[in-house]
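Below: one structure, written as structure tokens.
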Amino acid sequence: MYGQNSVIVHAPDGTHAVVRRPAGGPLRRFLVSHFGSRRVSRVIYGSIIGLALVVALEVHPPAAGVVIATLLGTAVAVALAELYSEVVGFKTGERRKVSRSELRDLGADTAAVAFGIAFPAVFFVLAATSVLENEAAFTAAKWTGLGLIGLYGFAGARLSGAGVLVSLLQAVAVALIGALLIALKALVH
């Protein structure tokens, strides 16, 4: 009825619209859809939490397995707390139950936060399997976390219609949050 290149998008308020599917293969469509959603802000938020954990743990570095468990456990705990608080906020603000589609949207938002927090665990899996040294895993986790925050800041700005220069400035601004965490750790140790 709507055509092969169209998709129905459901908004949290229960309305929906038919929009044109982005051109390209499945990966491109996913990236355009993902970077064009509010989940960009959720990944940035989670990445800052993950980076803060990595920086704090680096002071007295535990074994890679402990870091993995800490990051994954924090990702699950924060995601569940966020989902619960969003549902409660929705119920109190809207004075009704959350619909299934709204719950799916909230779940996807909280999964984005969890992804941002858990992202650095990849480097500690590599350390646990002796592909990287533990110290190198901390270094890679810090700098790629900072890069991820900046990338998401840039992509979010570009997809909102900002020019390249403004997008770069926004990326630098959000990356400064992570850089301040890293600098603070360097100053106090």
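The values are calculated or read from the model by the stated rules, or taken from the named source; none is laboratory data. Worth saying up front: this structure is predicted, and the values here are computed from it rather than measured. Backbone-built Cβ (ideal geometry, glycine too); neighbour counts: all protein chains shown.
For beta carbons closer than 7 Å, sequence separation of 6+ or different chains, a first residue in the stretch 125-149 that is more than 14 Å from Ile182 (Cβ to Cβ) and of a type in the set (A, V, I, L, M) and a second that is part of a loop (DSSP other than H, G, I, E, B) and modelled with pLDDT of 95 or more, the qualifying pairs are Leu126/Leu132; Ala127/Glu133. For the stretch 77-105, residues that are surrounded by 13 or more Cβ atoms within 10 Å (Cβ to Cβ) and either modelled with pLDDT of 95 or more or closer than 30 Å to Ala56 by Cα (or both) total 5. The condition (being farther than 17 Å from Ala118 by Cα and not in a loop (DSSP other than H, G, I, E, B)) is satisfied by just one residue among Ala157, Ala140, Ala162: Ala157.
Number of residues in the stretch 69-112 that are touching a Leu at 6+ places or on another chain (Cβ under 9 Å) and not in a helix (DSSP H, G or I) equals 1. Only residues that are closer than 28 Å to Ser85 by Cβ and either touching a strand residue (DSSP E or B) at 6+ places or on another chain (Cβ under 8 Å) or outside any helix (DSSP H, G or I) (or both): list them for the stretch 113-137, please. Listed by number, the residues that qualify are Phe119, Pro120.
The sole residue among Ala108, Ala155, Ala121, Ala173 that is surrounded by fewer than 15 Cβ atoms within 10 Å (Cβ to Cβ), under 21 Å from the mean Cα position of the chain (by Cα) and touching a residue at least 40 places away in the same chain (Cβ under 8 Å) is Ala108.
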